[in-house]
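Below: the structure, in structure tokens.
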Amino acid sequence: MTGQPFRPEVAPDPTLTSPTAATQGDVLDAAVFADLYRLASEEGLPYFARLNAAGDVELFLVFESVDAFSEATRDAVSVEFKTYRDKLLAVVWTLSDPIHPLGFPLAFDIKRPQERHMALRMLEQEKTLLHYLSYEAGLLTHIYTEAITFSPLEASRAEAMIRSLYEGRTEEVPREAAVREEEAETISALALPDQVLAETGVAYLIDYARMRKKHGEEGAQHLLMSAVQQAVWVMRRHARSEVRETAFTVWAAEQGEQLRLIVTPSLSHVFEVVHMSADEANPFARFLLALPEFVRTEEAAPLAWGAFPLIRMENGRLFHLELDEAVQERLQRLFASRWPAASNPYGPR
């Protein structure tokens, strides 16, 4: 990367305050911990990394309640390094159960000096503190903190990934360490059979006007697709084969100030679990419910909302769906065949 040193100099913010043993179990003061409130509340991040006042990297996982934390963290925590595009993913695994694993992928954009510095610093420092927080009714509570360490071998492997990304030599990243986008194929949405297009599922309703106002059109689209991509990523590398091989379609429908991301069919049968709620186990629910602009979930038929299919997963293969006038005409006909007297959201019949 021309003009930028591999190890950039980044000055920490001396005004930042970190949770300590003294704050464990307490509600964090909103003024003292303003940065954490901004990240967890205003930006709605369910997990994030930051540089503390001492210049060390800290990791944070934010749960909707203390009970949710208890259900999601019964095993010894571990970190697995992966790469995706120009990013290093540090996946924090809090449930290692082969039947119901749970991981949080922290992304570091290696092209950005500050994030590259954080990724490298995390590997170099003696230990990395992982803070567990809960955010309920506008209040952040410090639940617990533990330390993560990396062996010299783990650190050297991850640093080699960072250098490969930095130098644009992504082909040198070990295949098992890379989440490769080229594994996704692009096909026409016309390839989907009528029975798939007619499926019902779960809609995640988003206050899209609020999101656009805060982040702009491009930023809002990026946030939504990032949440969807992370959910798909977790589904694709899930330890359970039935989850990896589950067939589903992701749709989008914009209606005025609201947007619906619809997953068909409902994945509830895949995530019928005893030790956590379906929403905690379902990656789409986990990532989309964490958005501040999330409103609610509801049962939905994509055709009824004039939605368009964007992504299809089938037999462990991921497909990006191309849309054109022929696709719109087919959806128009399918809608008309089911609701002949209703106004057609895909255009006049």
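The values are calculated or read from the model by the stated rules, or taken from the named source; none is laboratory data. All values reported here derive from a predicted model rather than from experimental measurement. Heads up, the Cβs are rebuilt from the backbone with ideal geometry, glycines too, and the neighbour counts pull from every protein chain shown.
Being assigned by TED's automatic domain parsing to the domain that holds residue 327, within 21 Å of the chain's Cα centre (by Cα) and at pLDDT 95 or above: is that true of residue 244 here?
Working: assigned by TED's automatic domain parsing to the domain that holds residue 327: yes; within 21 Å of the chain's Cα centre (by Cα): yes; at pLDDT 95 or above: no.
No.
Take the residues of region 198-214 that are of a type in the set (A, V, I, L, M) and within 25 Å of the chain's Cα centre (by Cα): which is surrounded by the most Cβ atoms within 10 Å (Cβ to Cβ)? Steps first, answer last, please.
The initial filter retains those residues of region 198-214 that are of a type in the set (A, V, I, L, M), namely 198, 202-203, 205-206, 209, 211.
This time we only want the ones that are within 25 Å of the chain's Cα centre (by Cα), so: 202-203, 205-206, 209, 211.
Details: 202: 22, 203: 23, 205: 19, 206: 26, 209: 14, 211: 22.
Top of the filtered list is 206.
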For the structure I just gave you, tell me whether residue 17 is out of contact with any strand residue (DSSP E or B) (no Cβ under 6 Å at 6 or more places or on another chain) and of a type in the set (Val, Ile, Thr).
yes
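For region 247-296, give me each residue that is charged (D, E, K, R) and modelled with pLDDT of 80 or more.
Quick first cut of region 247-296, residues charged (D, E, K, R) only: 254, 257, 260, 272, 279-280, 286, 293, 296.
Those that are charged (D, E, K, R) and modelled with pLDDT of 80 or more: 254, 257, 260, 293, 296.
Somewhere in region 21-29, is a residue modelled with pLDDT of 90 or more, β-branched (Val, Ile, Thr), at negative phi and part of a loop (DSSP other than H, G, I, E, B)? Before you say what the answer is, go through the steps one by one.
Restricting attention to region 21-29, the residues satisfying the condition of being modelled with pLDDT of 90 or more are 21-29.
Okay, now just the ones that are also β-branched (Val, Ile, Thr), so 23, 27.
Retained after the next criterion (residues that are at negative phi): 23, 27.
Keeping just the survivors that are part of a loop (DSSP other than H, G, I, E, B) gives 23.
Yes: region 21-29 contains one or more residues that are modelled with pLDDT of 90 or more, β-branched (Val, Ile, Thr), at negative phi and part of a loop (DSSP other than H, G, I, E, B).
Among the residues in region 174-182, are any at pLDDT 90 or above and either farther than 30 Å from residue 323 by Cβ or buried (at least 16 other Cβ atoms within 10 Å of the Cβ) (or both)?
Taking region 174-182 first, the residues at pLDDT 90 or above are none.
No, region 174-182 contains no residue that is at pLDDT 90 or above and either farther than 30 Å from residue 323 by Cβ or buried (at least 16 other Cβ atoms within 10 Å of the Cβ) (or both).
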If we keep just the residues of region 308-349 that are among the hydrophobic types (A, V, I, L, M, F, W, C) and touching a Ser or Thr at 6+ places or on another chain (Cβ under 9 Å), which is surrounded by the fewest Cβ atoms within 10 Å (Cβ to Cβ)?
326
Any residue in region 143-154 that's under 14 Å from residue 81 (Cβ atoms) and assigned by TED's automatic domain parsing to the domain that holds residue 81: show its pairings with residues that are assigned to a helix (DSSP H, G or I) and of a type in the set (Asp, Glu) at Cβ separation under 6 Å, as long as the two are six or more apart or on different chains.
none
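Name the residues in region 38-58 that are modelled with pLDDT of 75 or more and within 16 Å of the chain's Cα centre (by Cα), would you? Working first, answer last.
We begin by selecting, within region 38-58, every residue modelled with pLDDT of 75 or more; these are 38-41, 46-58.
Once the filter is applied, which keeps residues that are modelled with pLDDT of 75 or more and within 16 Å of the chain's Cα centre (by Cα), region 38-58 yields 39, 40, 46, 47, 48, 49.
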